[in-house]
Amino acid sequence: MLVYIFSLVIALVGLFYGLTLLPHENAPRVIDLLFWGSLLIWSSRISIQLPFFASISHSFVIHLASVVLFPAWIPPILAAVFRYKKLDEFNPWYKDLFNRLQFGLSAGLSALAWHLLSALSLGGIASLIPMIGASLVYFIANVSLVVYAIHLSSNVAIRKIWATNVSWLSASYLLLAPIALFLASAYTKPLVGDWGGFTVLVFMVLLYFSRFYWDEKVKLEDSFNATIDTLVQALDAKDTFTRLHSERVSAISVDLAKAKGLDEADRRKIAYGARIHDIGKVGIPDDVLLKPVRLTSQEFELIKSHTTRGVEILKPAARYFKEVLPIVLYHHERWDGRGYPEGRAGDAIPLWARIVCIADAYEAMTAGRSYSSPKSPERAMQELEDLAGDQFDPELVKLFKEIWLQDPIWKDREVFLRSYTSPVPLSELPSLSRSESASVTSKELS
Ligand SMILES: [Fe+2]
Ligand SMILES: [Fe+2]
């Protein structure tokens, strides 16, 4: 990791030197630098919440605006120097240094793209190309540098981290790029008074207050997530053998739901439901739940009651969990009607429960139990296929196989656990909300 950071230092110095060689107009005024620097320090402390659960730091917008406003060698300095985050156990010096370097490099490369593309002097709609190019370069540099850092610290394949976390974020970057362009042009052509800074400030203040609305929404969601975390941890504390079982079931379920064509909102609810699908087990005595040998039929009946117990436990908050209760209740139903608790068959089992059922079976087989050793991913996949049409919805098993063949991060349990507890914080990346716990952006990371 330190070698990586050291090579970033060299890359940044080299890039900076290269940028000073680009032709540029007058040197920037100190007042402009201080103004944008102060905005950066302010913005490094807050982030804009976007719809679709992403958040993006204001810094990105300011970095891009500085790319438009200043000679190419300025943005990397602004990005690397003007940020403030207190050093503490969540932000140790090497993380802080890494983030300064990656921001400096992203802003520098973006400035390079801007200046090269602007030199083409494109007119009409094509005049947007330099901005789009600069945003894309910033995005690619920012994400690549962070993803590689996670790869180094967790050993998880780069492609997997990319696919799980960030592949869809480029749209957010491109959507925000026009704001940067607007800020830059507002600064050079003042709308209020004769100093462009006023217009920028008015806009930033509006942006700042608009975020309160989103903040409330996010806080509400956070407290809901925290409630689910508490429930899941209560279960994990009881049965450490199946650590992160619910998280992996959730990750698999979300992917399967996506393959089935369910929309983002439904997938989020399925993620909640999958995380608490076994919550009824907190009511099962330890000596039965953790029994290292095969259960007697009486004990098995007790275990089976975790489905109905789960619904009982969630009853006081049924209003909030209403839509995911079927997952808790029906995730052990079988396609052929020989499951429990009601013996429903086929389409009479709610779709979400059928999805979680397959995810649950795959995770349990590959994790092993105190009385049976874990199966290889290939073996578990084979068993799902063998039982398609008997235990599992055959259509869903087909879809499952399609995703499984793409080698998702949850396929191998060890890889999933490693990525879930990777020590490199992702806080500087626009991150998925915690409800999408399928991702590497776990709570250990944020
Ligand atoms: Fe279960
Ligand atoms: Fe389970």
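Some notes on this structure:
- Scanning the stretch 297-304 for residues that are assigned to a helix (DSSP H, G or I) and within 13 Å of ligand 2 (Cβ to nearest atom) turns up at least one hit.
- Of all residues making up the stretch 290-318, the number that are among the β-branched types (Val, Ile, Thr), surrounded by fewer than 21 Cβ atoms within 10 Å (Cβ to Cβ) and under 24 Å from residue 248 (Cα atoms): 4
- Taking (1) at pLDDT 95 or above; (2) within 16 Å of ligand 1 (Cβ to nearest atom); (3) not charged (D, E, K, R) in turn, residue 313 satisfies each apart from (1).
Yes/no matrix, rows are residues, columns are (1) β-branched (Val, Ile, Thr); (2) over 34 Å from the mean Cα position of the chain (by Cα):
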{"site": "287", "(1), (2)": "no, yes"}
{"site": "298", "(1), (2)": "no, yes"}
{"site": "308", "(1), (2)": "yes, no"}
{"site": "325", "(1), (2)": "no, no"}
{"site": "328", "(1), (2)": "yes, no"}
{"site": "331", "(1), (2)": "no, no"}
{"site": "335", "(1), (2)": "no, no"}
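- All conditions in (1) outside the structural domain of residue 406 (by TED's automatic domain parsing); (2) closer than 27 Å to residue 384 by Cβ; (3) modelled with pLDDT of 75 or more hold for residue 164, with the sole exception of (3).
- Residue list for the stretch 363-376, restricted to those being surrounded by 18 or more Cβ atoms within 10 Å (Cβ to Cβ) and either away from ligand 1 (no atom under 16 Å from the Cβ) or charged (D, E, K, R) (or both): 363
- In the stretch 240-262, of all residues being without any contact (Cβ under 8 Å) to a residue 24 or more places away in the chain and assigned to a helix (DSSP H, G or I), the one that is surrounded by the fewest Cβ atoms within 10 Å (Cβ to Cβ) corresponds to 240.
- Being more than 16 Å from ligand 1 (Cβ to nearest atom), modelled with pLDDT of 75 or more, out of contact with any Phe, Trp or Tyr (no Cβ under 6 Å at 6 or more places or on another chain) and not β-branched (Val, Ile, Thr) holds for only one residue in 223, 250, 246, and it is 223.
- Exactly one residue out of 367, 345 is within 23 Å of residue 311 (Cα to Cα) and either within 16 Å of ligand 2 (Cβ to nearest atom) or assigned by TED's automatic domain parsing to the domain that holds residue 328 (or both), and it is 345.
- For the stretch 279-289, the tally of residues that are surrounded by 15 or more Cβ atoms within 10 Å (Cβ to Cβ) and in a loop (DSSP other than H, G, I, E, B) stands at 1.
- Qualifying residue in the stretch 390-401 (condition: within 16 Å of ligand 1 (Cβ to nearest atom), more than 30 Å from the chain's Cα centre (by Cα) and either at pLDDT 95 or above or in a loop (DSSP other than H, G, I, E, B) (or both)): yes
For (1) surrounded by 10 or more Cβ atoms within 10 Å (Cβ to Cβ); (2) within 33 Å of the chain's Cα centre (by Cα), each residue gets a yes or a no:
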| position | (1), (2) |
| --- | --- |
| 4 | yes, yes |
| 8 | yes, yes |
| 12 | yes, yes |
| 20 | yes, no |
| 25 | no, no |
| 33 | yes, no |
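- Within the stretch 370-387, being within 16 Å of ligand 2 (Cβ to nearest atom) and in contact with a Phe, Trp or Tyr (Cβ under 8 Å, 6 or more places away or on another chain) holds for 370, 380, 384.
- Checked against (1) over 14 Å from residue 327 (Cα atoms); (2) in a helix (DSSP H, G or I), residue 273 passes all but a single condition, namely (1).
- Filtering the stretch 366-373 for residues that are more than 34 Å from the chain's Cα centre (by Cα) and outside any helix (DSSP H, G or I) leaves a non-empty set.
- The stretch 335-362 - residue that is in a loop (DSSP other than H, G, I, E, B) and within 13 Å of ligand 1 (Cβ to nearest atom) and, of those, surrounded by the most Cβ atoms within 10 Å (Cβ to Cβ): 339
- For the stretch 311-330, the count of residues that are within 16 Å of ligand 2 (Cβ to nearest atom) and either among the charged types (D, E, K, R) or over 16 Å from residue 277 (Cβ atoms) (or both) is zero.
- Failed criterion for residue 287 (all others in (1) more than 16 Å from ligand 2 (Cβ to nearest atom); (2) touching a residue at least 12 places away in the same chain (Cβ under 8 Å) hold): (2)
- Flag for residue 382 being within 16 Å of ligand 1 (Cβ to nearest atom) and either at negative phi or in contact (Cβ under 8 Å) with a residue 12 or more places away in the chain (or both): no
- Of the residues making up the stretch 180-202, those that are within 14 Å of residue 62 (Cβ to Cβ) and at pLDDT below 80 number 0.
- Residues within the stretch 68-112 that are in a loop (DSSP other than H, G, I, E, B) and surrounded by 15 or more Cβ atoms within 10 Å (Cβ to Cβ), tallied: 7
- Test: residue in the stretch 263-278 that is of a type in the set (Phe, Trp, Tyr) and surrounded by fewer than 15 Cβ atoms within 10 Å (Cβ to Cβ): no
Here's the yes/no breakdown for (1) assigned to a loop (DSSP other than H, G, I, E, B); (2) modelled with pLDDT under 85; (3) aliphatic (A, V, I, L, M); (4) in the same structural domain as residue 116 (by TED's automatic domain parsing):
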position: 15; (1), (2), (3), (4): no, no, yes, yes
position: 27; (1), (2), (3), (4): yes, yes, yes, yes
position: 34; (1), (2), (3), (4): no, no, yes, yes
position: 39; (1), (2), (3), (4): no, no, yes, yes
position: 60; (1), (2), (3), (4): no, yes, no, yes
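The values are calculated or read from the model by the stated rules, or taken from the named source; none is laboratory data. Quick caveat: nothing in here was measured; it's all calculated off a predicted structure. Counting neighbours? That spans all protein chains shown, and the Cβs are built from the backbone with ideal geometry, glycine included.
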